[in-house]
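Only one structure is covered here, and it is reproduced in the block below.
Only the coordinates and a few stated rules stand behind these numbers; no lab work does. Keep in mind it's a predicted model, so treat the numbers as computed, not measured. Positions of Cβ are generated from backbone atoms using ideal geometry, with glycine treated the same way; all protein chains shown enter the neighbour counts.
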Number of protein chains: 2
Amino acid sequence: MEPKAQVSITYCTQYRWLLRAAWLAQELLTTFEEELGEVALRPGTGGVFEIRVNDALIWSRKEEGRFPEAKEVKQRVRDQVAPDRSLGHSDR
Amino acid sequence: MEPKAQVSITYCTQYRWLLRAAWLAQELLTTFEEELGEVALRPGTGGVFEIRVNDALIWSRKEEGRFPEAKEVKQRVRDQVAPDRSLGHSDR
C-alpha cells in the first residue's frame with residue numbers, strides 16, 4: 001500500500017488567513033478521509049497562501065491572483081491522490 | 001536558529017473528532033505563531049486522540065481518560081517549545 005498523501009497549507013499570519021486555511025483543511029480531511037495521511041497548517045508571511053500535495057504545489061494565491069473555492073482545491077487534490085474518483089457536485 | 005517545532009494532532013474519524021482537533025490546532029497556531037513550523041491534523045481510528053510535539057507525545061486521551069482543555073495543551077506545548085514563556089491567564 002502506498003503511503004497516504006500529505007497536504008500542507010501555508011498561510012500568511014500577517015493577513016490572518018489561519019481561519020481560511022483551517023476551513024480548507026477540514027474540507028479536505030472530510031472529503032479525503034481515507035486518502036490523506038495529514039493536512040498540515042503552516043504559518044507564513046508576506047501574503048503567502050499555498051497548498052501542496054506531497055510537496056507538489058497545487059494552489060498559489062500569488063500565481064492565481066485569488067483564493068481558491070473549496071471545490072477547486074478538492075479537484076486538484078483528487079487529481080493527485082484519487083484520480084479516478086468522482087467528487088459529485090464538486091466536479092461540476 | 002533551531003528549526004521550528006512540529007505539532008501533530010491525531011484524531012479518530014469514526015468518533016468525528018476532526019472539529020475538536022481543528023479547534024485545538026487553531027488555538028495552538030494563534031498562541032505559538034512564532035514558535036511552530038506546523039500543526040498537522042492526522043486522521044486515525046479506534047478512539048485515538050493524541051497530540052505530539054516533535055514526536056514527543058504530550059497528550060493521549062487513552063492515557064488521560066479525557067480530552068484536554070486548551071490551556072492544558074498550551075502549557076504542555078509551551079514546556080516543549082518556549083519553556084521560559086508565560087501564557088498569562090492560560091497559566092493559572
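For helix A:70-81, report the angle its Cα long axis makes with the longest principal axis of the Cα atoms of chain A; keep it between 0 and 90° and round to the nearest 10°.
60 degrees
What residue of chain A has the nearest C-beta to the axis that moves A onto B, and what is that distance in Å, given as a whole number?
Measuring from each Cβ to the axis, the minimum is at A:Ala40, 2.
Let me know the whole percent of all Cα-Cα pairs from the protein assembly as shown that are separated by more than 28 Å.
That tail contains 24 percent of the Cα-Cα pairs.
What's the longest piece of chain A with no exposed GluC sites (Glu not before Pro), counting a site as exposed if DSSP puts it in a loop and it has at most 14 other beta carbons within 10 Å?
The reported range is A:35-68.
Using the 10 angstrom Cβ neighbour count as an exposure proxy, how do B:Thr31, A:Thr13 rank, fewest first?
A:Thr13, B:Thr31
Calculate the FRET efficiency for B:Arg66 and A:Thr30 from the Cβ-Cβ distance with a Förster distance of 25 Å, rounded to the nearest 0.05.
Given R0 = 25 Å and the Cβ-Cβ separation, E is 0.50.
How many nm is it between the label spots at B:His89 and A:Leu19, if each spot is 7 Å from the Cα in line with the beta carbon?
Going by the 7 Å Cα→Cβ label model, 1.9 nm.
What do you get for trypsin sites (Lys or Arg not before Pro) in region A:1-74 restricted to DSSP loop and a cutoff of at most 13 other Cβ within 10 Å of the site's Cβ?
Listed in order of number, the matching sites are A:Arg16, A:Arg66.
Put +1 on the Cβ of every Lys and Arg and -1 on every Asp and Glu Cβ in chain A; which of A:Ala5, A:Trp59, A:Phe32 then has its Cα farthest towards the positive end of the dipole?
Most positive-ward Cα: A:Trp59.
Nearest 500 deg cm²/dmol is fine: what mean residue ellipticity at 222 nm does chain B get from its DSSP H runs of n ≥ 4 alone, each adding -39,500 (n - 2.57), divided by its residue count?
Value at 222 nm, helices only: -9500 deg cm²/dmol.
Take B:Leu29, A:Leu28, A:Leu19 and order them by how many other Cβ atoms sit within 10 Å, fewest up front.
With the sparsest Cβ surroundings first, the list reads A:Leu19, B:Leu29, A:Leu28.
Could you pull out every one of the lysines with an alpha carbon less than 20 Å from that of A:Lys62, ignoring same-chain neighbours closer than 8 positions?
A:Lys62 reaches A:Lys71, A:Lys74.
Shielding by partners for B:57-67, please: the mean number of other protein chain Cβ atoms within 10 Å of each residue's Cβ.
0
Under a 10 Å cutoff between Cα atoms, tell me which one of A:Gly47, A:Gly65, A:Gly37 has the largest fluctuation in the Gaussian network model of chain A.
A:Gly65
Cα axis of helix A:18-31 to longest principal axis of chain A: angle in degrees, 0 to 90, nearest 10?
Value to nearest ten degrees: 0.
Take B:Ile58, A:Ile9 and order them by how many other Cβ atoms sit within 10 Å, fewest up front.
By the 10 Å Cβ count, ascending: B:Ile58, A:Ile9.
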